[in-house]
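What follows is a single structure, written as structure tokens, with notes after it.
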Amino acid sequence: MGGPQRSEDRDGFGDSRTHHPRALLGARGIRPKKRLGQHFLMDGGTAGRIARLAVDAPGDRVIEIGAGTGALTAALLRLGADLTAFDLDPAMVEILRSRGDLANADLREADALGFDYSAWAGEREWRAAGNLPYNVGTPLLVALASLPRPPERIVAMIQKDVADRLLAQPGTAQYGSLTVAIGLTMAAKRALTVPPSAFYPRPAVVSTVVVLHRRNEPAAAVRDRAWFEQVVRAAFAYRRKTLANSLSLALDRPRDEIAAAIASLSLKPDVRGENLDLRSFAALADALSA
């Protein structure tokens with residue numbers, strides 16, 4: 001039997017301690033920025049597991065969102081990913097570009113919510129991966145799922161409560177607009193649970209890695225995706241109210257008109273938004289647009 005494993009091997013950052021997030025930040029006198037939701041993954045083993053969920057074979061095209069100090073970036077490159085990685089923080093981009101082991105990645109400074117994913121992807125299949133900043137994780141997932149051609153796979157570290165909402169079933173407290181908006185084009189599953197101790201600084205919540213696979217066809221036929229999403233958001237805008245009241249208030253439409261559309265789908269007059277499945281929402285959006 002071999003001797004005890006060295007601490008630098010246990011955390012997955014290899015022999016070079018200079019690539020540990022604390023060392024990279026400390027050497028430059030950088031403190032994590034709360035306004036950017038920065039929590040840096042310190043567990044290289046977890047980074048490796050996330051990378052394996054995103055990359056099946058060398059050459060797989062991946063875009064990493066919120067690359068930070070490069071823990072996941074390095075793990076993706078070790079698996080041979082054709083990688084583009086970006087971060088909003090210029091200081092993080094400087095760290096990424098200073099690392100020789102990341103030289104094979106296309107490293108950029110960019111805003112995750114403003115990035116033109118379709119133009120970057122072109123006609124090629126692609127995947128998205130990242131430890132998503134908590135302050136933009138939810139709108140970013142919705143934006144990716146709503147692209148004309150979404151990524152074939154999204155592997156994302158998000159707050160556990162957001163993951164619970166993604167995976168929720170109709171009739172439960174967690175079920176809401178996020179579940180429906182993303183479920184139209186993506187099928188979600190829970191992959192890993194990551195404790196606060198895996199990050200610097202420690203977040204106040206437990207994190208979950210989810211894997212979203214693009215559906216071969218949308219789960220329901222929708223005439224107008226933007227209107228569908230507006231109706232879904234309106235249905236959950238006033239959760240304590242009936243669906244008819246919530247839609248009437250949020251869409252500023254006559255209640256009688258809303259009630260007639262609900263009745264046309266053979267739904268009960270006092271039904272609530274959380275009781276509708278995805279296909280029912282699609283049918284309701286089409287009925288209201290008519």
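The values are calculated or read from the model by the stated rules, or taken from the named source; none is laboratory data. Since we're looking at a predicted model, the values are computed, not measured. Here the Cβ positions follow ideal geometry from the backbone for every residue, glycine too, while neighbour counts run over all protein chains shown. Each accessible area value is taken on the protein alone, full model and side chains, heavy atoms only, with ligands, DNA and RNA left out. Shrake-Rupley method; radii C 1.70, N 1.55, O 1.52, S 1.80 Å.
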**OP:** Please enumerate the residues belonging to region 173-183 that are closer than 15 Å to ARG215 by Cα and either out of contact with any strand residue (DSSP E or B) (no Cβ under 8 Å at 6 or more places or on another chain) or in a loop (DSSP other than H, G, I, E, B) (or both).
**Re:** THR179, VAL180, ALA181, GLY183
Subject >> Pairs, first more than 21 Å from PRO58 (Cα to Cα) and in a loop (DSSP other than H, G, I, E, B) in region 117-146, second among the hydrophobic types (A, V, I, L, M, F, W, C) and open to solvent by less than 40 Å² (accessible area, probe 1.4 Å), C-beta under 7 Å, six or more apart >> reply: LEU132/ILE65; LEU132/LEU140; LEU132/ALA156; LEU132/MET157; LEU132/ILE158; PRO133/LEU36; VAL136/ALA112
Original post:
Quick one: what pairs do we get from region 257-268, first residue assigned to a helix (DSSP H, G or I), second of a type in the set (Ser, Thr, Tyr) and at pLDDT 95 or above, C-beta under 7 Å, 6+ apart or different chains?
Top reply: ILE258/SER248
Original post:
Across region 63-91, what is the total count of residues that are over 19 Å from LYS33 (Cα atoms), in contact with a helix residue (DSSP H, G or I) (Cβ under 8 Å, 6 or more places away or on another chain) and assigned to a loop (DSSP other than H, G, I, E, B)?
Top reply: 2
**OP:** Would you check which residues across region 247-290 are closer than 17 Å to LEU178 by Cα and of a type in the set (S, T, N, Q) and list them?
**Re:** ASN275, SER280
Original post:
Filter region 200-225 for residues that are under 20 Å from ALA156 (Cβ atoms) and of a type in the set (A, V, I, L, M, F, W, C); which is surrounded by the most Cβ atoms within 10 Å (Cβ to Cβ)?
Top reply: LEU212
Original post:
Do the conditions hold for PRO170, that is, is it part of a loop (DSSP other than H, G, I, E, B) and under 29 Å from ARG239 (Cα atoms)?
Top reply: yes
Original post:
If you take the residues of region 92-114 that are charged (D, E, K, R) and in a loop (DSSP other than H, G, I, E, B), which of them is farthest from the chain's Cα centre (by Cα)?
Top reply: ARG99
Original post:
Do we find that ALA163 is over 20 Å from TYR117 (Cα atoms), surrounded by 21 or more Cβ atoms within 10 Å (Cβ to Cβ) and in contact with a strand residue (DSSP E or B) (Cβ under 7 Å, 6 or more places away or on another chain) in this structure?
Top reply: yes
Subject >> Residues (aliphatic (A, V, I, L, M) and on the phi > 0 side of the Ramachandran plot) located in region 209-258 >> reply: none
